[in-house]
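Below is one structure; the comments refer to it alone.
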Amino acid sequence: MISRGYATDTQSKSSDIAAAVLAASSPLQILAACDAVESFLHKHTADQTRWFFSITFPTLICKIFGFDESSSASVAVKSMSPSGWIDIAALSNDSQLAGRILSLLSPTGVLLSSIVAADGLSLVKYVFPVERLPEWVRYMLQNERDSLVLSDLCPLFKNRLKEDSVKGSSFQVQLNVFEYYMFWFVYYPVCRGNSEGPQTVSVRRSRKFRLENWAYSIPGLSSTKRGMEQKNEGDLYMRLLYAYLRVYVPVADMKAHQPYRSSLLHYSFSYGTPIVEKAEFLVNTLIHFWLVDNDFSPLPVNLCKSFGMTFPFRSVVGEIPPTSGLGEVVNVFVKYLNLSSIASSDRTDQVDYTESPKWKVVGTFNGSQSRNAVPFVDSGNSWNSWIQRPLYRFILRTFLYCPMESSIKNASQVFTLWVSYLEPWSISMEEFAKLDSDLGKSNRGTLKEVTPSMPHGYTSSWQVFVLANYLYYSSLVMHFIGFAHKFLHTDPEAIVKMVSKVITILASSTELMDLIKNVDIVFHSKPAGSSKSMLNALHRYVPAIREQLQQASKVSEEMPTPATVIVVTDWEDGLSETDADGSFLHENWNKDLRLFSDGEDGGQKLLQLFVLRAESELQSIGGENLSQNLQGLDRLKSELCQLFGGPIMKPMSTPETVQCEYMRDEIFKPRSFANRAMVDIKYKGDWMKRPISDDEIGWLAKVLVKLSGWLNESLGLSQVESSQESPSWSYVDVSSDARSVCGPMEVIKVVLCSFISWLLMLRGAGVRFMREHGIRVNLRVLASKKVVVVLLVIAAFSLLRRAFFGIG
């Protein structure tokens with residue numbers, strides 16, 4: 001029993017430490033504050049730290065991450081203070097300060113040990129601010145019915161969502177000390193990305209526009225080094241991230257933590273093992289704060305329908321990219337989780353997917369009993385299935401919704417994440433060596449058990465991984481080709497290198513290339529008993545791939561059986577290129593695999609068009625690196641020939657480079673009736689639906705594109721009229737009792753009817769002429785900023801003129 005006087009003493013000491021922490025803004029003050037915190041925790045037992053976690057700990061979190069306590073709770077994005085300790089350590093380039101902060105927040109340090117001890121006694125509960133939660137969760141908490149389902153729909157909020165005792169009808173997220181700290185830790189890069197926002201850039205077509213402006217974040221594409229400030233800051237946070245993953249999320253020797261289960265991830269939530277619960281909590285927190293967040297389809301559609309949930313997020317959230325600046329930290333997170341794939345691929349009892357991998361929800365779904373369901377993931381001894389859908393949508397949303405006028409740096413970081421995910425066999429100990437330098441030797445020894453001298457290349461043991469993640473190697477490549485076409489003009493050198501990197505991975509191994517092609521073959525064919533055994537065995541993966549390509553409108557409306565719900569993992573739900581973004585895929589959406597298709601919208605033709613455009617762009621830029629860039633383009637051509645099994649480019653007989661440049665420039669001019677040479681050029685999409693350029697008003701262009709499409713449909717201009725059809729002339733039968741026209745009224749009627757008939761005939765002739773020559777209504781030219789400015793000037797001049805004449 002703690003005496004009242006002793007409790008008062010710990011309360012006053014906690015208040016003093018909180019004041020010292022709040023005032024710490026210089027390296028020396030921060031070091032002293034860290035010493036005071038650790039000294040207090042060393043001297044007091046777990047049951048004596050209630051006042052510390054009630055008074056000091058919230059202030060400590062705000063100062064470490066730079067959160068502003070004075071910011072209003074109604075602000076959606078918590079402001080970032082420049083006095084945050086992590087920021088100060090980065091700005092001062094003080095390795096001692098960074099090491100001291102790392103020691104304070106280390107999972108083996110006294111602070112985290114005291115947190116675990118305090119949670120064991122349930123000393124303190126915190127309420128996490130609703131406005132800092134992932135966007136889709138904030139939306140659900142606005143409705144009482146959705147709030148009741150959220151704790152069962154998302155395991156992250158299981159037993160953590162409580163009714164607000166003050167407001168009554170609303171709900172709040174209550175967390176223990178460890179969970180509260182981890183929520184703020186994971187929220188830190190989200191808050192930083194939201195506060196910085198997308199960086200707007202203007203693309204200048206000059207010879208000085210070079211790759212090193214942003215490509216330093218792509219390993220292997222540039223030797224440019226990052227600034228010391230960003231490096232130290234990123235290193236400190238990523239070292240903490242890796243330390244928490246290393247300690248709390250085991251990826252090796254999983255069976256040691258659960259003697260009654262075959263896999264850590266098969267362990268049900270009902271068993272309550274602390275190690276399992278903490279690992280799943282941390283992984284779920286990272287997934288929902290970083291990967292899902294503002295996704296308008298946060299969960300599989302059928303899973304939501306089984307709970308009677310619908311998410312109208314697309315109209316609320318809109319088509320916006322994920323939070324910028326998360327690429328690097330997500331890359332560390334995903335690489336670490338993929339270590340479990342390495343461990344499972346080395347075991348002799350590796351999982352063989354005899355049927356398509358699915359999400360399963362076990363329980364009863366009959367109205368009132370729906371909240372008794374226990375969701376779990378059939379993971380196949382790996383964390384990989386937890387991140388497949390959210391990571392795929394995170395990458396695809398970045399490519400689809402990357403604004404034309406913003407910096408491409410964020411997309412380049414996500415590209416690095418994607419290509420590293422495509423090659424899990426290339427993960428080695430060296431990549432984690434620096435992040436692992438501050439951990440104990442016992443922890444580093446566990447890493448060696450996970451990656452025991454793996455060969456850096458694809459082997460047959462990775463076949464299950466590739467098949468389970470096939471869309472990353474096929475459909476996502478097609479979407480990326482559309483992204484490359486869209487942003488080729490911003491930096492041709494970097495975009496060509498990015499495309500070349502992807503093609504190099506696909507063609508790096510004959511075995512991998514054959515596997516990807518064979519799956520494409522069986523996807524477009526019917527199973528036959530006489531076919532090859534290899535192809536026949538791959539047919540069992542086709543249903544899963546078709547489910548992953550499904551959209552919300554395509555998902556079955558049938559209600560699941562009461563016992564078990566098989567949830568369609570619709571990875572591309574609602575994600576597709578829009579009509580006005582210059583995409584090559586919007587006419588076919590996501591219903592098929594077209595990487596190896598030989599059609600106009602197939603991967604081969606689109607890559608052929610990309611090579612032509614890239615060659616034209618590189619030659620127009622010129623510069624000292626022209627020969628090197630053209631050599632890189634030649635390597636890309638050879639890799640494409642290897643991937644598609646033959647030359648994709650026809651030999652071009654151009655006597656001079658100037659003539660070659662002229663021909664390429666002519667190819668990419670817009671269609672027009674005057675230039676009949678354009679008739680033979682086939683486009684995937686038309687000039688009216690080209691990417692929105694910098695000299696256009698985006699929203700006005702989209703409105704005019706839709707209006708032009710409606711007019712073309714109404715007038716029948718979308719169909720080209722055949723010239724061989726004989727025109728059908730309209731005629732009028734003149735009755736035999738025709739009489740002379742007399743009287744002024746009849747004359748006026750005849751003249752008026754003649755004029756209207758002439759207008760209708762002129763309109764019909766104009767429409768027929770436009771059909772015959774393929775001309776359509778295109779009002780998009782009115783979206784030009786110059787045209788709008790001229791119209792505004794004319795309107796302003798007219799108003800001023802009327803005003804002056806009215807006064808006069």
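Tell me whether the range 168-179 contains one or more residues that are open to solvent by 10 Å² or more (accessible area, probe 1.4 Å), touching a strand residue (DSSP E or B) at 6+ places or on another chain (Cβ under 9 Å) and in contact (Cβ under 8 Å) with a residue 60 or more places away in the chain.
Yes: one or more hits.
Let me confirm something: among Arg397, Arg389, Arg393, which residue is more than 11 Å from Pro322 (Cβ to Cβ) and assigned to a helix (DSSP H, G or I)? Quick ask: steps written out before the conclusion?
Details: Arg397 fails: more than 11 Å from Pro322 (Cβ to Cβ); Arg393 fails: more than 11 Å from Pro322 (Cβ to Cβ).
None of the other options fit; the residue is Arg389.
Considering only residues that are of a type in the set (Ser, Thr, Tyr) and either in contact (Cβ under 8 Å) with a residue 60 or more places away in the chain or touching a Leu at 6+ places or on another chain (Cβ under 7 Å) (or both), look in the range 145-167 and name the one that is least open to solvent (accessible area, probe 1.4 Å). Write out each step before concluding.
At the first step, the residues of the range 145-167 found to be of a type in the set (Ser, Thr, Tyr) are 147, 151, 165.
Checking which are either in contact (Cβ under 8 Å) with a residue 60 or more places away in the chain or touching a Leu at 6+ places or on another chain (Cβ under 7 Å) (or both) leaves us with 147, 151.
On the way: Ser147: 3, Ser151: 26 Å².
Looking at the filtered set, the residue picked out is Ser147.
Matching residues to (1) over 30 Å from Arg546 (Cβ atoms); (2) within 21 Å of the chain's Cα centre (by Cα); (3) modelled with pLDDT under 90:
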{"position": "Ser407", "(1), (2), (3)": "yes, yes, yes"}
{"position": "Val419", "(1), (2), (3)": "no, yes, no"}
{"position": "Ser442", "(1), (2), (3)": "yes, no, yes"}
{"position": "Thr451", "(1), (2), (3)": "yes, no, yes"}
{"position": "Tyr470", "(1), (2), (3)": "no, yes, no"}
{"position": "His485", "(1), (2), (3)": "no, yes, no"}
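Could you look through the range 456-466, keep only residues that are of a type outside the set (Ser, Thr, Tyr) and open to solvent by 10 Å² or more (accessible area, probe 1.4 Å), and pick out the one that is modelled with the lowest pLDDT?
Per the criteria, the residue is His456.
Quick one: is Asp152 over 20 Å from Val292 (Cβ atoms) and modelled with pLDDT of 50 or more?
no
Counting just the residues of the range 344-360 that are surrounded by fewer than 20 Cβ atoms within 10 Å (Cβ to Cβ) and at pLDDT 50 or above, which one comes out farthest from Leu240 (Cα to Cα)?
Selected residue: Arg347.
Within the range 42-84, how many residues turn out to be assigned to a loop (DSSP other than H, G, I, E, B), modelled with pLDDT of 85 or more and open to solvent by less than 30 Å² (accessible area, probe 1.4 Å)?
4
In the range 182-190, is there at least one residue being among the aliphatic types (A, V, I, L, M), open to solvent by 20 Å² or more (accessible area, probe 1.4 Å) and either at pLDDT 85 or above or under 17 Å from Trp290 (Cα atoms) (or both)? Show your work before the answer.
Quick first cut of the range 182-190, residues among the aliphatic types (A, V, I, L, M) only: 182, 186, 190.
Keeping just the survivors that are open to solvent by 20 Å² or more (accessible area, probe 1.4 Å) gives none.
No, the range 182-190 has no match at all.
The values are calculated or read from the model by the stated rules, or taken from the named source; none is laboratory data. None of the values given here were measured: they were computed from a predicted structure. Because the Cβ atoms are built from the backbone with ideal geometry, glycine has one as well, and the counts that use them run over all protein chains shown. Quick note on the areas: whole protein, heavy atoms, side chains included, nothing else; ligands and nucleic acids left out. Shrake-Rupley method; radii C 1.70, N 1.55, O 1.52, S 1.80 Å.
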